[in-house]
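Here's the structure, in structure tokens; my notes come after.
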Amino acid sequence: MADGVREYLEEPPPKLVPIEAVAVELKDDTPGVSGEVMLVNTDSFEECNHELDTQFSGGEDGPDSPIRKVQQEQEKELVGGMGNVAVADDDEKAESEDALQILDQKEETEEENLDEEYLQNPEWIQKEKHVFILSESGKPIYTRYVQNQIVSVLTSSALTRMFEKRRNYDFRHLLGGTERLLDNLLNMLDSHPSFLLGAIQCLPLATSVRDTITQTIIQYCSKIKNLVFGLIICHNQLISLVRMKKFLLHPADLHLLFNLVNATESLKTSENWMPICLPKFDPNGYLYGHVSYLADDCEACLLLLSVDREQFFTLSEAKQKIVDRLRRHHCLEGINTAIRTSSYTVKAIGAPELRHFLYKSKTTAQFTCPEYTAPYQTEKGQRRLFGLYQLLHHRVHSVSRPLKMVYMVMDTHTLLGWVTREFELYAALEPLVTKHNAIIYVNKLLRWIKSDENKLFILSSPTF
């Protein structure tokens with residue numbers, strides 16, 4: 001149980017204020033709404049798992065495979081087709097079979113020692129939360145990570161082949177070197193609002209700068225066949241995203257890309273070419289990613305994702321042209337300036353009894369929130385607040401009794417959760433705030449977000 005939720009439960013029961021009066025007076029002048037869809041919209045990461053995990057069950061070569069669909073689109077224009085992903089699939093099969101033969105000889109003698117090391121490791125023991133993943137036969141695979149990150153490394157089809165060959169196969173050896181990705185992701189799961197909301201956060205950026213960045217990606221990438229996504233990210237925030245027509249990214253896949261860049265320091269020193277499986281896009285095949293930082297003097301990272309495994313040099317050339325144009329138009333300076341100055345606090349809203357909030361635009365699957373200020377400067381205070389947001393989210397998205405609005409009065413907080421067709425809002429206010437003032441502050445907050453929506457959200461959906 002999260003610390004915030006635990007502390008909350010130790011307080012006297014909250015007073016649930018009738019919400020009808022609040023709902024009547026609140027104005028629905030919705031900020032961040034866009035008719036152009038760029039990301040898959042979901043209320044939370046968990047609620048769409050079943051639907052999306054079964055959406056592409058036909059395998060990489062099946063008719064529903066997005067990777068196969070990309071190839072088919074290009075085959076209409078190129079004589080002879082591509083066929084690269086099928087070759088990659090054959091390579092994966094051969095590599096998996098070789099790995100099975102080699103590792104079978106080692107794992108019986110190593111397994112007991114590995115388990116003992118895990119149980120005695122002080123760093124492991126001190127973790128607040130542990131996630132255990134086992135095979136169907138009960139074989140331990142790893143502790144503290146989650147399925148999507150594993151699929152991103154190995155693909156679902158490769159995992160299926162392994163377990164079809166031997167149900168109790170221990171593939172921990174194949175995950176060697178990925179511990180930093182797994183642990184970093186799990187640490188973020190317990191603290192970053194993006195996972196709770198099933199959304200991503202954009203770097204607040206002047207519209208002119210963001211438009212120039214987007215048009216630059218389009219200018220140098222639109223004629224590159226088999227390129228599916230081009231995006232620039234920084235500090236777990238999205239700067240720009242361009243996609244192939246008919247294909248969308250899911251926020252959960254973007255979270256994995258954020259985690260890859262955030263947890264891999266070596267990406268800062270070179271251009272990198274790597275297979276990346278995006279489980280919500282297609283769990284059974286790899287995209288091939290050219291991943292590199294824009295420049296030594298810029299903290300943003302460019303990712304160009306293609307279905308063609310032979311495009312490194314083509315994408316490397318495109319990357320250099322993108323950087324040259326962004327530098328000529330002072331966009332690298334604009335990004336650096338935004339990193340230093342674009343964050344804001346609740347003081348900017350002009351609502352003195354508003355402490356913190358999360359606002360999600362459901363149509364764009366994007367959210368915005370202020371920096372932590374009193375009384376949430378400490379890690380303990382931030383964990384506690386996040387636990388309260390989890391509680392609000394659970395109440396409004398309850399399977400048995402979903403609510404449109406929750407207004408809770410506690411000894412140390414007043415909490416508001418409000419969900420409409422277009423947005424979700426979770427807010428923490430001073431404990432003695434009146435209901436009348438709470439209404440005023442929320443209206444003021446919505447107006448403030450509306451006035452800055454072009455800076456806080458990406459409202460267009462550019463394509464190659």
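No lab work stands behind these numbers, since they all come straight from the coordinates. A quick note: this is a predicted structure, and the numbers were derived from the prediction, not measured.
The stretch between Glu353 and Glu271 holds 24.7 nm of extra length on full extension. This uses 0.36 nm per residue minus the Cα-Cα distance. Overall form of the range 338-425: oblate. Here a/c, set by the Cα gyration tensor axes a ≥ b ≥ c, is 1.5 or more, and a/b is not larger than b/c.
Couplings 3J(HN,Hα) for the range 394-408, derived from phi with the Karplus relation 6.51 cos²θ - 1.76 cosθ + 1.60 (θ = phi - 60°), are 5, 5, 6, 10, 4, 5, 7, 8, x, 10, 7, 8, 10, 10, 10 Hz, where x marks Gly and Pro. Residues whose amide H falls under 5 Å from that of Val40, counting only those 5 or more places apart or on a different chain, are Leu249, His250, with hydrogens built in the peptide plane.
With the largest listed first and rounded to whole Å, the semi-axes of the equivalent ellipsoid of the range 216-363 from the Cα gyration tensor are 29, 20, 14. For Leu238, the residues 5 or more places off, or on other chains, whose built amide H falls under 5 Å of its own are Gln201, Cys202, Leu203.
Taking 0.36 nm per residue of sequence separation and removing the Cα-Cα distance, the Glu73/Thr264 pair yields an extension gain of 65.4 nm. Relative to one another, the C-alpha centroids of the range 226-260 and the range 367-433 are positioned 28 Å apart. What the phi angles of the range 234-247 give under the Karplus curve with 6.51, -1.76 and 1.60, with θ = phi - 60°, is a coupling list of 7, 6, 6, 10, 8, 9, 7, 9, 10, 10, 6, 4, 6, 10 Hz, glycine and proline written as x. Given their separation in residues at 0.36 nm each and the Cα-Cα distance between them, Thr434 and Thr412 gain 6.5 nm when the chain is fully extended.
Along its three principal directions, the equivalent ellipsoid of the range 315-464 from the Cα gyration tensor extends over semi-axes of 34, 19, 15 Å, largest first.
Here the range 224-271 is treated as a sphere whose radius is the Kirkwood value from Cα pairs; by Stokes-Einstein at 37 °C and 0.692 mPa s it diffuses with a coefficient of 274 µm²/s.
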